[in-house]
1. Fewest first, what order do A:5, B:126, B:48 take by the number of other Cβ atoms within 10 Å?
2. Angle between the Cα long axis of helix A:51-60 and the longest principal axis of chain A, 0 to 90 degrees, nearest 10?
3. Can you work out the FRET efficiency for the pair residue B:27 and residue B:150, with r the C-beta to C-beta distance and R0 = 30 Å, to the nearest 0.05?
4. Within a 10 angstrom radius of the beta carbon, how do B:217, B:40 rank from fewest other beta carbons to most?
5. Going out from 0 in 10 Å bins, what whole percent of all Cα-Cα distances in region A:8-58 drops into each bin?
6. Pull out the extension gain between residue A:70 and residue A:9, defined as 0.36 nm times the separation in residues minus the alpha carbon to alpha carbon distance; nm, one decimal.
7. Run lengths n ≥ 4 of DSSP H only: what is the helix-derived mean residue ellipticity at 222 nm for chain A, with -39500 (n - 2.57) per run over all residues, to the nearest 500?
8. Tell me whether region B:21-107 comes out rounded, prolate or oblate; compute the Cα gyration tensor, take square roots of the eigenvalues as a ≥ b ≥ c, and use a/c under 1.5 as the rounded threshold.
């Protein structure tokens with residue numbers, strides 16, 4: 001699995017993650033119903049995320065591979081994502 | 001992070017890990033059962049290559065218990081002796097016990113026998129002899145773990161400048177056996193545990209990380225905090241990225257005003273604790 005830097009940026013925007021930038025990374029927290037729950041980050045180099053780093057990025061968003069693929073393709077709405085995550089955080 | 005250090009700080013000696021090397025499946029299971037009965041955690045493999053892999057990837061091993069005649073199709077095979085030689089060279093503090101149903105003790109030259117803390121050969125097959133040898137293995141494993149624990153406590157009290165030694169001692173003395181599951185899988189996938197420190201600190205708090213070298217990159221992840229992962233083209237670059245990421249989260253700690261919960265709270269509490277140690281060290 002691969003996640004391009006552009007895709008990661010779009011996911012941050014869609015999920016309204018307030019990003020903080022450093023030399024190598026962009027990091028933030030996914031806020032669910034006013035509470036910060038999921039820390040997420042990606043490297044903002046041109047190479048994007050590959051292999052284990054891409055899987056870790058997906059896991060940090062609490063998504064299964066198929067769900068993440070949908071989110072990555074911009075086919076999942078913000079509300080749909082938060083419905084999934086609420087269920088996982090509750091369980 | 002306190003998972004490993006917490007185990008070091010506790011006064012009890014956690015279950016030692018025994019690496020069993022035996023080519024016969026039923027014997028592997030039998031030896032594993034014997035070790036479990038003596039309060040040890042067995043890792044059982046069937047050959048020297050797998051044993052070497054475990055020794056490299058699993059720094060928690062406290063004792064190696066190996067068959068000497070591991071390749072029955074080769075008459076006179078002494079692969080277990082070769083394994084013992086490797087352990088003596090690369091992991092000199094791990095005790096080794098050798099056994100064989102093929103060789104008698106007096107059939108092995110002294111230079112082979114000297115590699116083992118003790119060895120027993122064919123002829124020692126009565127119930128009480130087998131039980132006695134297994135008891136000795138268990139005692140040796142506990143003794144080995146206790147020695148490592150004491151050594152780690154000494155090192156933690158007075159950390160050396162070269163911290164690479166420290167991480168091995170910390171990790172070995174802590175019980176990786178207590179954290180079965182993810183850690184076991186990581187070992188088998190080739191991850192190594194290492195220790196890094198935040199370079200700005202004069203009194204750094206040890207930070208234990210998983211490291212995995214791949215074909216064209218190195219993955220690093222902080223022990224117990226799967227969200228703190230980075231990748232670099234080299235180990236050095238990956239560690240630089242890790243420091244960069246931690247410092248980025250530190251900045252975010254000050255700016256964040258909403259409540260945190262779950263994984264975010266766990267991570268930020270850990271980072272706050274780490275920064276506190278760093279501030280104290282720098283002051």
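Readers should treat all values here as calculations from the given coordinates under stated rules, not as data from a laboratory. From a predicted model like this one, the values you see are computed outputs, not experimental measurements. All Cβ positions, even for glycine, are placed from backbone atoms using ideal geometry, and neighbour counts span all protein chains on display.
1. In order of increasing Cβ crowding within 10 Å: B:126, A:5, B:48.
2. Result, in degrees: 30.
3. 0.35
4. Fewest to most other Cβ atoms nearby, the residues stand as B:217, B:40.
5. Calculated P(r), rounded to whole percents: 25, 57, 17, 1.
6. On the way: separation 61, 0.36 × 61 = 21.96 nm, distance 1.54 nm.
Going from the current span to full extension adds 20.4 nm.
7. The helix-only estimate for chain A comes to -13500 deg cm²/dmol at 222 nm.
8. Values: a/c = 1.61, a/b = 1.18, b/c = 1.36.
Oblate, since a/c reaches 1.5 and b/c is not below a/b.
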